[in-house]
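Encoded as structure tokens, the structure appears first; notes follow it.
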């Protein structure tokens, strides 16, 4: 169902605002005259709109507590996943480096064997 700004303004709710796309939140922010930068992230613009709606007593202040809790949980989860991914990348890089070193040692060993074989053959 497409977003209807007039319907939202008539009966605003955190749940509906939370489900909107960035472009729809921008429309709401413009309607209320909320200051924001177009390059801001969706969550940042939504926060400005929520603060405005709470300041104007359109929504209860408990909405801000809910809004703060949800992104924080997501932020920690994203940071944890990012750290986990970086760890995996480092482990793979270390494994590749170990394999390269092992191949280099094997190559050096084979060269030494060939050298010794040539020296022995020339001595005989």
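Taken together, the values in this text are just the output of simple stated rules run on the coordinates, not laboratory data. Because the structure is predicted, anything quoted here is derived from the model rather than measured. Note: ideal-geometry Cβ built from the backbone for every residue, glycine included; neighbour counts use all protein chains shown.
The table below gives the values:
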{"quantity": "Inter-probe distance in nm under a simple model that places probes 7 Å from Cα toward Cβ, at residue 85 and residue 37", "calculated": "2.4 nm"}
{"quantity": "GNM flexibility winner over the chain from 81, 50, 114 (Cα, springs under 10 Å)", "calculated": "114"}
{"quantity": "CD proxy at 222 nm, helix term only [per DSSP H run n ≥ 4: -39500 (n - 2.57); per residue of the chain; nearest 500]", "calculated": "-27500 deg cm²/dmol"}
{"quantity": "With Cα atoms, 0 to 90° folded angle of helix 62-123 axis to the chain main axis", "calculated": "10 degrees"}
{"quantity": "Choice from 44, 102, 16 with maximal GNM fluctuation in the chain (Cα, 10 Å cutoff)", "calculated": "102"}
{"quantity": "Calculated volume of the Cα convex hull per residue in Å³ (choose from (1) 149; (2) 89; (3) 113), label", "calculated": "(1)"}
{"quantity": "0 to 90° range, to nearest 10: angle between helix 42-55 axis and the chain longest Cα axis", "calculated": "30 degrees"}
{"quantity": "Simple label model, 7 Å out from Cα along Cβ direction - residue 106 to residue 66, nm", "calculated": "6.1 nm"}
{"quantity": "Most fluctuating residue given options 47, 80, 98, as computed from a GNM of the chain linking Cα atoms under 10 Å", "calculated": "98"}
